[in-house]
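Colleague: After the structure tokens below, expect a handful of questions from me.
The values are calculated or read from the model by the stated rules, or taken from the named source; none is laboratory data. All values derive from a computational prediction rather than experimental measurement. Ideal geometry is used to build each Cβ from the backbone, glycine not excepted, and the neighbour counts take in all protein chains shown. These area figures cover heavy atoms from the full protein model, side chains too; ligands, DNA and RNA do not enter into them. Shrake-Rupley method; radii C 1.70, N 1.55, O 1.52, S 1.80 Å.
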Amino acid sequence: MSQGVLAIAEQSDGVFRKVTYEALSEGKRIADSLGCDLTALVLGTSENISKELAKYGADKILVAETRALYEYTTDAYTNVVADIVSKEKPVVIISGASTQGRDLSARLAARLNAPLAMDCIALRVENDNLIATRSMYGGKILADVALDGKPQIAAIRPNSMNITESAGAGSIEKLDVDVGKTELQFIEKKLDTGRVELTEADVVVSGGRGMGGSDFSVIEELADLLDGAVGASRAAVDEGWRSASDQVGQTGKVVSPNLYIACGISGAIQHFAGMSSSGIIVAINKDPEAPVFSKADYGIVGDLFELVPLITEEIKKLK
Amino acid sequence: MKGRLQKVEIIVLLKQVPATESFVEIADDGVSIKTDRVNWVINPYDEFAIEEAIQIKEAHGGSVTVISVGPEKASEAIRTALAMGADKGVLINDPAAEKCDCLGIARILSEALRNVPFDLIIAGQRAVDDDNFQVGPAVAEFLSIPHISMVIKEEIADGKIRCHKVVEGGTVILEAPLPALFTTQRGLNEPRYASLPGIMKAKRKPLDIKTLADIGLDAAKAGKPKTKIVSMKFPPERKDGRIIEGESAQAKAAELVRALSEEAKVI
Ligand SMILES: Cc1cc2nc3c(=O)[nH]c(=O)nc-3n(C[C@H](O)[C@H](O)[C@H](O)COP(=O)(O)OP(=O)(O)OC[C@H]3O[C@@H](n4cnc5c(N)ncnc54)[C@H](O)[C@@H]3O)c2cc1C
Ligand SMILES: Nc1ncnc2c1ncn2[C@@H]1O[C@H](COP(=O)(O)O)[C@@H](O)[C@H]1O
């Protein structure tokens, strides 16, 4: 008898990350295919904000509200989640493949000796087992991976799955948790506030060496207008024009926005490794032979400093 | 308090992977890639690990051992690490290991390290072939030591390691007692190239090749894989890609915005 799907919510400073809603929505779809319940697990924050998760199909919401879990540390979280798993006995665990979700799911899978599919872009159930679709070889291959064993853990790539509302009973259960033996000590956190997080943004506008310097204002304006994030190629980061956290690609972030606009980026394979799963790709480059055009949905040949402000003006007209 | 310099025994987990520029083709079995035309390199995140290990050794003293589970060919990658400045290499080469998934590989690595004294293990955040992000944390779990992932800066003092790790939108600083494991993120360092004298020296450095039996692991125990690739395909091509033409930059911009709004419906 199926014991249900457990979706792990992720909060930062008491606010759920977008991938939480994606994990719940996907968890609900999996629970429906398995004919079982969906339980949401919230760590380190309040009952109040947790109620909201009922809207995404959670039948039960477990809340472990203790100060020790407010900031994520691998050992405290793994201890607590492993305890909950041993009590709840879920057949499937879904988490986001955010920095935190990847870290936790990897350690948890080893603790539970359980199969894990990382960075999934699609999930389905076959004969009561999960099949996860995930990208490999820097996005050059999509592989279907069959999971075998219990529980089956899937960490889903942010921005790859739909958020769907469906009412769940959402009964809240407060847990008394013991974080157990821990060795990691949280010292401090520094967050740059303001702009949308690259991996969660619906629109990403990126600049490369073609930006010619650290003045990214033309693409920042376009990104702001679209509530998007600004990314960069490695060349732009190496030049010191942007911080390493803006880098998109194999040694940077993997993004899957609905719209990716590459400005002054040639389209190296290592760059594609970070954005090939984007919905629509637009390339703006003055070199008609630039490889980026071969993988773009729309390309414009021309000077980005002329084109980007014009595009921004045209979009303003729409709004 | 500034810690007394203390030798650090470091282990680096290294995987040999196809270079990103490699042309990837799906093999006839449909669940693996053709390897004949692949150019094999050290996983770029493991290069950061090797570089950091050498820098720690240079600052504190100690030694760097590189360990890999892989085919015979992976010894080339280990030699490169030795040429960069690592001291010792271990390759675990066993047909039974080929069938392992991440947990199996992590089990083998942790068994191989069980009786080796170490203070620190450094792994890549992920291998750029399977992109799994799993082996580092799993090795730490099997060895019951703490781990910190996605590290861009570390300091070792007084038997502890303090790491700056990147998270969405910022950085977090965490501290762990040694022995510990951390995984690398770009920004940590710029890996050096192997120098010619380094390459000459590497030829005389020890590189042990071991089987699972040598590390006391029953091949059957390495575990039946719990994850298995059942099919592979290429991502859908962007067939309908087109270049937006127009008389002027203004016209092209207007046409792009129209297409994004009316055809693609993304704005
Ligand atoms: C191990 C490894 C890992 C790597 N990881 C990454 C990674 O994570 N991310 C990444 O991006 N790269 C990565 N790279 C680097 C990658 O190979 C390329 O070197 C890099 O992506 C090039 O950046 P670029 O396109 O900005 O620069 P370039 O290749 O120099 O291209 C600049 C482009 O701008 C165009 N241009 C110039 N001026 C203008 C203008 N005014 N208007 C319009 N167009 C203009 C030019 O025509 C050109 O096409 C990696 C490389 C290696 C070896
Ligand atoms: N076969 C292997 N041998 C040694 N180290 C490995 C192996 N596979 C993975 N690793 C290490 O684990 C990291 C993450 O790999 P993965 O979990 O496969 O993405 C790599 O960067 C290596 O440091």
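Colleague: Return the residues of segment B:125-152 that are within 7 Å of another protein chain (Cβ to nearest Cβ), more than 18 Å from A:Ala97 (Cβ to Cβ) and either of a type in the set (Phe, Trp, Tyr) or assigned to a loop (DSSP other than H, G, I, E, B) (or both); say none if nothing qualifies.
Modeller: B:Phe142, B:Pro146
Colleague: Moving to a separate point now. Restricting to segment A:200-215, give me the number of residues that are more than 13 Å from chain B (Cβ to nearest Cβ) and either touching a Leu at 6+ places or on another chain (Cβ under 8 Å) or under 15 Å from A:Ile311 (Cβ atoms) (or both).
Modeller: Residues meeting the conditions: 4.
Colleague: Quick one: in segment A:223-240, which of the residues that are within 14 Å of ligand 1 (Cβ to nearest atom) and in contact with a strand residue (DSSP E or B) (Cβ under 7 Å, 6 or more places away or on another chain) is most open to solvent (accessible area, probe 1.4 Å)?
Modeller: Only one residue tops the list, namely A:Arg234.
Colleague: Further question: Filter segment A:273-296 down to the residues that are under 16 Å from A:Asn258 (Cβ atoms), open to solvent by 10 Å² or more (accessible area, probe 1.4 Å) and either near ligand 1 (Cβ under 9 Å from one of its atoms) or in contact with a helix residue (DSSP H, G or I) (Cβ under 8 Å, 6 or more places away or on another chain) (or both) and list them by number.
Modeller: Result: A:Ser276, A:Ser277, A:Ile280.
Colleague: Answer with yes or no whether A:Glu289 is of a type in the set (Asp, Glu), within 12 Å of chain B (Cβ to nearest Cβ) and over 29 Å from B:Glu245 (Cβ atoms).
Modeller: Answer is no for this residue.
Colleague: Taking A:Gln270 and the conditions (1) touching a strand residue (DSSP E or B) at 6+ places or on another chain (Cβ under 9 Å); (2) within 12 Å of ligand 1 (Cβ to nearest atom); (3) at the interface with another protein chain (Cβ under 7 Å from one of its Cβ atoms), which numbered condition does it fall short on, given that it satisfies the others?
Modeller: Here A:Gln270 clears every test but (1).
Colleague: Which of the residues that make up segment B:27-53 are among the hydrophobic types (A, V, I, L, M, F, W, C) and either in contact with a helix residue (DSSP H, G or I) (Cβ under 8 Å, 6 or more places away or on another chain) or farther than 22 Å from B:Glu72 by Cα (or both)?
Modeller: B:Ile33, B:Trp40, B:Val41, B:Ile42, B:Phe48, B:Ile50, B:Ala53 - these are the residues of segment B:27-53 that are among the hydrophobic types (A, V, I, L, M, F, W, C) and either in contact with a helix residue (DSSP H, G or I) (Cβ under 8 Å, 6 or more places away or on another chain) or farther than 22 Å from B:Glu72 by Cα (or both).
Colleague: Let me ask another. If you take the residues in segment B:76-92 that are away from ligand 1 (no atom under 16 Å from the Cβ), of a type outside the set (Gly, Ala, Ser) and buried (at least 21 other Cβ atoms within 10 Å of the Cβ), which one is farthest from B:Asp208 (Cα to Cα)?
Modeller: For segment B:76-92, the residue satisfying everything is B:Leu82.
Colleague: Restricting to helices (runs of 4 or more DSSP H) lying wholly in segment A:1-114: which have 2 or more residues that are within 14 Å of another protein chain (Cβ to nearest Cβ), under 15 Å from the mean Cα position of the chain (by Cα) and under 24 Å from A:Ala132 (Cα atoms)?
Modeller: A:18-34, A:99-112
Colleague: Could you tell me whether any residue of segment B:115-122 is surrounded by fewer than 24 Cβ atoms within 10 Å (Cβ to Cβ), within 16 Å of ligand 1 (Cβ to nearest atom) and more than 14 Å from chain A (Cβ to nearest Cβ)?
Modeller: There is no residue in segment B:115-122 that is surrounded by fewer than 24 Cβ atoms within 10 Å (Cβ to Cβ), within 16 Å of ligand 1 (Cβ to nearest atom) and more than 14 Å from chain A (Cβ to nearest Cβ).
Colleague: Please indicate, with yes or no, whether at least one residue in segment B:59-75 is assigned to a loop (DSSP other than H, G, I, E, B), within 13 Å of another protein chain (Cβ to nearest Cβ) and farther than 27 Å from B:His164 by Cβ.
Modeller: no
Colleague: Residues of segment B:158-177 being more than 10 Å from chain A (Cβ to nearest Cβ) and open to solvent by 40 Å² or more (accessible area, probe 1.4 Å), which ones? Give the derivation first.
Modeller: Kept after step one, since they are more than 10 Å from chain A (Cβ to nearest Cβ), are these residues of segment B:158-177: B:158-159, B:161.
Once the filter is applied, which keeps residues that are more than 10 Å from chain A (Cβ to nearest Cβ) and open to solvent by 40 Å² or more (accessible area, probe 1.4 Å), segment B:158-177 yields only B:Asp158.
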